[in-house]
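Here the structure comes first, spelled out in structure tokens, and everything after it is commentary.
Coordinate-derived values only; no laboratory data. All values reported here derive from a predicted model rather than from experimental measurement. Here the Cβ positions follow ideal geometry from the backbone for every residue, glycine too, while neighbour counts run over all protein chains shown.
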Amino acid sequence: MQLTKIIEKLKLSQSGIVDFKIKKNPNILTAASLEKAKENDISFLDNNSQLNLKHLIKTTKASALLLPADDNFIIEIVKQLTVDWILLKEPKIAFAEILEFLYPAEIEKEGIHKSAVIGDNVKIGPGVSIGANVYIGNNTEIGAGTIIHAGVVIYKKVRIGAKNFIHANSVIHSGSIIGNQCVINANAVIGGEGFGFVPTSNGWKKMPQVGIVILKNKVEIGSGSTIDRPSVGETIIGEDTKIDNLVQIGHGVTTGKGCAMAAQVGIAGGAQIGDAVILAGQVGVSNKVKIGDGVVASSKTGIISNVEAGEVVSGFPAMPNKLWLRCSANFKKLPEIVKAIRQLDRRNSR
Amino acid sequence: MQLTKIIEKLKLSQSGIVDFKIKKNPNILTAASLEKAKENDISFLDNNSQLNLKHLIKTTKASALLLPADDNFIIEIVKQLTVDWILLKEPKIAFAEILEFLYPAEIEKEGIHKSAVIGDNVKIGPGVSIGANVYIGNNTEIGAGTIIHAGVVIYKKVRIGAKNFIHANSVIHSGSIIGNQCVINANAVIGGEGFGFVPTSNGWKKMPQVGIVILKNKVEIGSGSTIDRPSVGETIIGEDTKIDNLVQIGHGVTTGKGCAMAAQVGIAGGAQIGDAVILAGQVGVSNKVKIGDGVVASSKTGIISNVEAGEVVSGFPAMPNKLWLRCSANFKKLPEIVKAIRQLDRRNSR
Amino acid sequence: MQLTKIIEKLKLSQSGIVDFKIKKNPNILTAASLEKAKENDISFLDNNSQLNLKHLIKTTKASALLLPADDNFIIEIVKQLTVDWILLKEPKIAFAEILEFLYPAEIEKEGIHKSAVIGDNVKIGPGVSIGANVYIGNNTEIGAGTIIHAGVVIYKKVRIGAKNFIHANSVIHSGSIIGNQCVINANAVIGGEGFGFVPTSNGWKKMPQVGIVILKNKVEIGSGSTIDRPSVGETIIGEDTKIDNLVQIGHGVTTGKGCAMAAQVGIAGGAQIGDAVILAGQVGVSNKVKIGDGVVASSKTGIISNVEAGEVVSGFPAMPNKLWLRCSANFKKLPEIVKAIRQLDRRNSR
């Protein structure tokens, strides 16, 4: 695709073109990082990049560059570049859009594979693709344009909306409700039974888990992640919430809109997560905890009590990030602290 | 189901009816939490609930309530309620039993699906259900009434007892022995090879893992959890032990009876866990560690050395929970501690 | 197998026979630990074993023993043993090799199962085994002697080398490149899409993930582990690197040769791991961090900044292991530390 054509497309986007220089108008075939790019590649530099990355734009072999318009250092450099460039408010968004143009999403097979096993009274919308060895239980609905890859198992009475991608060997349990434009990655499990057992004198009494899981529109679930259903009621993942790999969402959890949860996060039963909450890798949230809108927790944070909206927390138990940074720095001084106290004590005892 | 009929059934259970009031004798159709219940719902209040939950029993729209008999606050309130109620020693157990009455377990398909691939010399007991696209290797045995959902893969020479539920796309490796009344949730892996490599001058030498995994009766394994087999001997999960999602059990681990392990717990090879041990979410246990009966570890605890029976531990490395609570509280004071020492030092130097 | 025949085989190996005593020349049928061994079993004692294990060689019922040649305590004892024994430089390696002799790897089915679904233009080498209900996408290549177990899903344009084991229900995404002699365990996901979303005023903008995953020769991936592909370029797992269960490798990560990563490790996007790096269970590595050759991180370590080659690190944030040991020991003294400061303050205030 000629760079001029790419610019035309970007003008319709939210990436915000500010300026550009087209001299060679290269034919862009692929995309790559500044370091690895070669001829006919397009590459980009993010806003607020580190200085060593910025210098790469002078040496990269890419044929075209997407650059941040708000960076004086860059604005100086671009004048000297021989390569074609585009200055944008959001070069990363532009790069994402160009990847969409250059690499259209592929599906494995169109239509319904003859090896798929489809139950009774299953409603399948137009343009649905169902891969090899898929199983779909009775009374399930699949909305228009949804793509279900090989080996997926969908139990009974599941309602799946339109334009979803459901990757290989993932499992969706009975009663689950999936919105539109969701992505469920490979080997994820949606709607497995919550972990509920009551201690009795005869051992554990199992609490039946008869609730359901609801994924709202534009939810993405990572490979191998597990979203449990509750004993009664619903587990709800809010619209546009993105969940990475190997994440555990317990029974009865609700999350708001636009959250992001990195890999190996674990959220225990009944926790209530607000909108736009960011949880970094390996964060744990205890059961029934409430987390307000916009909270950010750094990696490995253990949240065992409620967190107010807008807080940035770290550590275990979670505390304000700034406090944690100071406490952690001082943790390394504990041997010195103990030594200092001993010296003081000795001096005082004289 | 009429409330009077529910009471009859509960009289046969271990939930311990103490008193009840039947006035409207509602037809109970579904179950829900106090907050979300509507007409014809039954709901419950657990023993030792928080005060704000207790107040909900005055406003809930449920048609019948299961309430704790040991709570004076509740006993006062119930006299004024217009809704029908039952006072019980164990209202949560009663609720679990009522869920069983109201929501009988469903299976996807009865019988053996024609797409299932079953090896040579496989013994299948009466009432077994085998779902679509299941694979069962040679010389495997499946006991009476066991339900195997779609896409499950069972390797050779596996012995599976009666009345088990094996959910979609889970995998059971060769030689594994599964008792009766177990639940293996979706995408779990039973009997994968342990992680054993010996360093040599030519790189890693693989230690063959020729042992097996044994799940005793009433064991439950969560979605995506992995139970590894050892190089020689057995990995054993004791009777009535319940394991949540995304839990890793290393090669040669043994657990006692009635344990509970929450999501994302990891137990390294050769650890020996006693009876009735409770491990909260994201706990780690180092290899060959021995944990005594009745030990409780709170979330994210890292157990790197033996723990005596009955201890409650927290933190990393694990310490008695009460000590950890005090240490954690003081961790937050580290900046003040350092400041105080500096001041003392300055005063002393004068 | 007669013990004399085992000795002949070991002479060809790197286990280093130093001495042996053959008296009964038992027929070795199986292998077991010292504690559990019975007649016709072979067992072993590792170098640097604990004293209580060493004493077991006097009481074990094994018919033959593999023992370390560098241990004076053992050398004294063996003279008195009635059982046959072999002294070796590397008894654990010898044990691994004997397990290979005694328990040849089994495959579920030879050839290509008739229920497998194989796309167009798929190249399949000689001696390949493809299990039941496997799906292989168009234009994929499978090298000689590779064994693919039931339920595996391989997307389009995947290149898989020779002599790999790919276990049940694992998933390999489009474009992935797998070397030779790799093991991919059950329910692992290779090449799932990286977790990349750019915040915009309209919610998350998805960054397409059009890169690939490369597993070099002799890589092993544990059950349920997930190796993500990047937006552009490659995620690379170096030769002979071994990855345990439920490990997350983020988009664009590269690892060197001969690394070992224990269960539930999580490595965030773009991290660069050197050769021979050892990460113990539940370790986390932040995005874009560089870890030098030979680094060892103990369990639960959180690595948030670069680590120099050869360092041994622990704690969160990671610090040198020796410092961490002292800090952790003093962490337990925090209540005493606070008390001591108060006393000093009181004395000073007088």
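Applying 1/(1 + (r/R0)^6) with R0 = 60 Å to the Cβ-Cβ distance of C:H55 and B:E110, what FRET efficiency is obtained, to the nearest 0.05? Walk me through the intermediate numbers first.
On the way: r = 57 Å, r/R0 = 0.95.
It comes out at approximately 0.55.
Roughly what % antiparallel, to the nearest 5, for the DSSP beta bridges in the protein assembly as shown?
Working: 33 of 234 bridges.
In the protein assembly as shown, DSSP labels about 15 percent of beta bridges as antiparallel.
Name the residue, out of C:K300, C:K322, C:K11, whose mean-square fluctuation peaks in a Gaussian network model built on chain C with Cα pairs under 10 Å.
Of the options given, C:K11 has the highest mean-square fluctuation.
Among C:F73, C:V18, C:A62, whose Cα lies farthest out toward the positive end of the dipole of the stretch C:3-102, if unit charges sit on the beta carbon of Lys, Arg (+1) and Asp, Glu (-1)?
The listed residue farthest towards the positive side: C:A62.
If you put +1 on each Lys and Arg Cβ and -1 on each Asp and Glu Cβ, how big is the dipole of the protein assembly as shown around its Cα centre, in Debye rounded to 20?
Values: 120 positive and 93 negative charges, 602 e Å.
It comes to approximately 2880 debye.
Binning at 20 angstrom from zero up to the longest distance, how are the C-alpha pair distances of chain A distributed in percent?
Binned Cα distances yield the sequence 25, 43, 27, 5, 0.
List the distances, in nm to one decimal, from the label point of A:K23 to the label points of the same position in every other copy, shortest first, placing each label point 7 Å from Cα along the Cα-to-Cβ direction.
Distances to the matching label points in the other copies: 8.9, 8.9 nm.
Based solely on C-alpha atoms, express the radius of gyration and the Dmax of the protein assembly as shown in angstrom.
Taking only Cα atoms of the protein assembly as shown, I get Rg and Dmax of 30.1, 91 Å.
Suppose each label sits 7 Å from its Cα in the direction of the beta carbon; what would the C:D120-B:K36 distance come out to in nanometres?
4.8 nm
Roughly how many nanometres apart are two label points built 7 Å out from the Cα toward the Cβ at C:E8 and C:D293?
For C:E8 paired with C:D293, the spin-label model returns 4.1 nm.
Sorted from largest to smallest, which semi-axis lengths in Å does the alpha carbon gyration tensor of the stretch C:44-145 give for its equivalent ellipsoid, taking the root of 5 times each eigenvalue? Walk me through the numbers before you get to the answer.
On the way: eigenvalues 480, 35, 23 Å².
Each semi-axis is the square root of five times an eigenvalue, giving 49, 13, 11 Å.
Considering chain A as a Gaussian network with a 10 Å cut-off on Cα pairs, which listed residue, A:S43, A:S298, A:S115, attains the greatest mean-square fluctuation?
Looking only at A:S43, A:S298, A:S115, the largest GNM fluctuation is found for A:S43.
Between the alpha-carbon centers of the stretch B:121-170 and the stretch C:183-234, tell me the distance in whole angstrom.
32 Å
Mind checking B:309-321 for the average number of partner chain beta-carbons within 10 Å of each residue's beta-carbon?
Other-chain Cβ atoms within 10 Å of each residue's Cβ, averaged: 2.
Sum up the charges of everything whose Cβ sits under 14 Å from the Cβ of A:K300, counting Lys and Arg as +1 and Asp and Glu as -1, but leave A:K300 out. Before the final figure, lay out the partial values.
On the way: positive: B:K300, C:K300; negative: none.
Here the charged neighbours net out to +2.
What spacing in nm lies between the two simple spin-label points modelled at B:N139 and A:L102, each 7 Å away from Cα in the Cβ direction?
Placing both labels 7 Å along Cα→Cβ, they lie 5.4 nm apart.
Counting only other chains, and only Cβ atoms inside 10 Å, what mean value do you get across the residues of A:76-87? Spell out each step's value before the answer.
Details: counts 0, 0, 0, 0, 0, 0, 0, 0, 0, 0, 0, 0.
For this peptide, the per-residue mean of nearby foreign Cβ atoms is 0.
What does DSSP give for chain B in terms of the percent of beta bridges that are antiparallel, rounded to the nearest 5?
Working: 11 of 78 bridges.
So the antiparallel bridges amount to about 15 percent of the total.
With all pairs of different alpha carbon atoms counted, what Kirkwood hydrodynamic radius in Å does the stretch C:139-245 show?
Details: mean 1/r = 0.0719 Å⁻¹.
Its Kirkwood hydrodynamic radius stands at 13.9 Å.
How large is the helix-only mean residue ellipticity at 222 nm for the protein assembly as shown, computed as the sum of -39500 (n - 2.57) over DSSP H runs with n ≥ 4, divided by its residue count, in deg cm²/dmol to the nearest 500? Mind dumping the intermediate values first?
Details: 18 runs with 181 residues, N = 1050.
Result for the protein assembly as shown, helices only: -5000 deg cm²/dmol.
Take the eigenvalues of the Cα gyration tensor for the stretch A:227-273, scale each by 5, and report the square roots as semi-axes in whole Å, largest first. Each step should come with its number before you reach the end.
Working: eigenvalues 54, 31, 11 Å².
Ellipsoid semi-axes (Å, largest first): 16, 12, 8.
All other residues with a Cβ under 12 Å from the Cβ of B:E239 taken together, and with Lys, Arg as +1 and Asp, Glu as -1, what is their net charge?
On the way: positive: B:K216, B:K218, B:K242, B:K257; negative: B:E220, B:D240, B:D275.
Taking every other residue near B:E239 into account, the sum is +1.
Find the percent of Cα-Cα distances in the stretch A:3-102 that exceed 16 Å, and round it to a whole number. Don't skip to the answer; put the middle values down first.
Values: 2370 of 4950 pairs.
In whole percent, the long-distance tail amounts to 48.
Counting only other residues whose beta carbon sits under 15 Å from that of C:I249, what net charge do I get with K and R as +1, D and E as -1?
Working: positive: C:K216, C:R229, C:K242, C:K288; negative: A:D244, C:E193, C:E220, C:D228, C:E234, C:D244.
That works out to -2.
Quick check: convex hull of the Cα atoms in the stretch C:170-325, volume per residue, rounded to a whole Å³?
In the stretch C:170-325, the Cα convex hull volume per residue is 97 Å³.
Out of all DSSP beta bridges with both ends in the stretch C:170-325, state the antiparallel percent to the nearest 5.
On the way: 6 of 44 bridges.
Percentage antiparallel, nearest 5: 15.
Only four residue types carry charge here, +1 at the Cβ of Lys and Arg and -1 at the Cβ of Asp and Glu. Report the dipole size of chain A about the Cα centre in Debye, rounded to the nearest 20. If you can, show how the numbers build up before the last one.
On the way: 40 positive and 31 negative charges, 246 e Å.
Value, rounded to 20: 1180 debye.
Starting with the highest mean, order C:76-86, C:223-233, A:253-263 by the number of other Cβ atoms within 10 Å, averaged over the residues of each peptide. Walk me through the numbers on the way to the answer.
On the way: C:76-86: 15.5, C:223-233: 27.8, A:253-263: 24.3.
Ranking, from highest mean packing down: C:223-233, A:253-263, C:76-86.
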